Amino acid sequence: LLQSNRFSHKGSIPAVMSHYRGEDSAALLKEHEVATQEILVEGAALQLLRQEAAACYRREGVNHFEACESVVKAYVQALKAVKSKGSLFATNRE
């Protein structure tokens, strides 16, 4: 897991910093803070959906395929939306 592309940003500039290049550090920090907060909020929302799906599985037992379908679909859609945004850090693919 630690050797995946997500963590191999050696030599690259984080995506948030790519258009600043040391010009406005206050704006850079603010943008980075906002991006980090968005990531944390999305992660918390995913965790709540995952917990709701797990509780539904335990509660419904053998009927979980029908009873939990909407909860699981909501979780999968949210997970795909978060994954499609990508990482906060850009990776060198050149």
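Summary table below
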quantity: Selection from the range 20-69 of residues that are without any contact (Cβ under 8 Å) to a residue 40 or more places away in the chain, hydroxyl-bearing (S, T, Y) and surrounded by 11 or more Cβ atoms within 10 Å (Cβ to Cβ); calculated: Y20, Y57
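Listed here are the residues, each with its yes/no results for (1) part of a helix (DSSP H, G or I); (2) at pLDDT below 90; (3) within 18 Å of the chain's Cα centre (by Cα).
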{"residue": "A35", "(1), (2), (3)": "yes, yes, yes"}
{"residue": "L46", "(1), (2), (3)": "yes, no, yes"}
{"residue": "L49", "(1), (2), (3)": "yes, no, yes"}
{"residue": "R58", "(1), (2), (3)": "yes, no, no"}
{"residue": "G61", "(1), (2), (3)": "yes, no, no"}
{"residue": "S84", "(1), (2), (3)": "yes, yes, yes"}
{"residue": "L88", "(1), (2), (3)": "no, yes, yes"}
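The values are calculated or read from the model by the stated rules, or taken from the named source; none is laboratory data. Just so you know, these numbers come straight off a predicted model, no measurement behind them. We place every Cβ from the backbone using ideal geometry, glycine too, and count neighbours over all the protein chains shown.
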